[in-house]
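See below for the structure under consideration.
The values are calculated or read from the model by the stated rules, or taken from the named source; none is laboratory data. These numbers come from a predicted model, not from an experiment. Ideal geometry is used to build each Cβ from the backbone, glycine not excepted, and the neighbour counts take in all protein chains shown. Only protein heavy atoms, including side chains, enter the accessible area calculation; ligands, DNA and RNA are left aside. Shrake-Rupley method; radii C 1.70, N 1.55, O 1.52, S 1.80 Å.
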Amino acid sequence: MNTVQKQNITTKLRLYCERYESQNKAAASMKGVSSATISQMLNGNWELIKTEMWRNVASHIGYREENWAPVETRDFRLITKLLSDARENSLVLAVTGNAGTGKTFAVRTFAESNKRVYLLCCNEYWNRKLFLAELLQAIGRDYSGYTVGEMMHEAVRALKMQDKPLLILDEADKLSDQVLYFFITMYNQLEDECGILLCATNHLEKRLKRGIKLNKKGYNEIWSRIGRKCIELKGVSAGDIAAVCEENGINDKKLIDEVVYDSEGDFRRVKRKIHAIKLHFTQIN
């Protein structure tokens, strides 16, 4: 890892620490990273810090080394507006959209740019304890030796102590029923004190409605708490794709049309197509 990369990581680390009440809390949010290590990085004492630690810190703070210029699409602006509203007014919302529409990029950008915003990228394998462990780590709280009940109590207490916190559950449709029930508990204990936003594919709404129809435990309560609706994103437009192409060096109209046609409304395909076009011209030249 070269000096420029370390400088970039340090710059982002400084911004990351500013999101927390203290440097110790910021360190607690990063597994395997001590407050002393953060101090050494921020103060330029890099000689004894191993490359593995730099990479570990980079992964926690969201630093990525890539030649890709992101664009604020219409859905990016909508998600940002909803997140700001949820945070400012302690609202509970659910946002859904197809895969590849830039949901994760939008919520990650908001979390990295604002204080007291905690983003959890959900996984299918999470049980209740893993979910709470990820939440407490994101908040910067020690949970070692705690039972599930104690972990929930500590998470609620920590969020209640803060001014207008926001919890984002990205890919919330991946959560099991047992973990999703925690959403009801958190809503009940944090109502009007903490904003919560569920971000998922359209499967979340279908799952909730099917659960209500089958009279499954908790589903009607969850549906009620998100206002009995999911806010559906508009999806990727041709204008969004054109803007991404231009921002990443593709300005020829025919090539842009080719990317739009090939994309199927998925930014992952857009990124691959732009890479393929650039690679083609590089090989020719």
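Only one entry of 110, 105 meets the criterion of being surrounded by fewer than 20 Cβ atoms within 10 Å (Cβ to Cβ) and within 30 Å of residue 273 (Cα to Cα), and that entry is 105. Condition first: open to solvent by less than 10 Å² (accessible area, probe 1.4 Å) and in contact with a Pro (Cβ under 8 Å, 6 or more places away or on another chain). Can you find one or more residues in segment 137-152 that meet it? Looking for residues that are open to solvent by less than 10 Å² (accessible area, probe 1.4 Å) and in contact with a Pro (Cβ under 8 Å, 6 or more places away or on another chain), one finds none in segment 137-152, hence no. Please work out if residue 204 is modelled with pLDDT of 90 or more, surrounded by 13 or more Cβ atoms within 10 Å (Cβ to Cβ), closer than 27 Å to residue 89 by Cβ and hydrophobic (A, V, I, L, M, F, W, C). Yes. Just checking, how many residues over segment 242-285 are part of a loop (DSSP other than H, G, I, E, B), closer than 21 Å to residue 98 by Cβ, open to solvent by less than 80 Å² (accessible area, probe 1.4 Å) and not small (Gly, Ala, Ser)? Residues meeting the conditions: 1.
Scanning segment 114-133 for residues that are loosely packed, with under 14 Cβ neighbours inside 10 Å and hydroxyl-bearing (Ser, Thr, Tyr) returns a single hit, 125. Here segment 1-44 is the region considered, the condition is being among the charged types (D, E, K, R) and over 19 Å from residue 137 (Cβ atoms), and the residue that is most open to solvent (accessible area, probe 1.4 Å) is 14.
Comparison of 164, 160 shows that the only residue that is in contact with an Asp or Glu (Cβ under 8 Å, 6 or more places away or on another chain), at pLDDT 90 or above and surrounded by 15 or more Cβ atoms within 10 Å (Cβ to Cβ) is 164.
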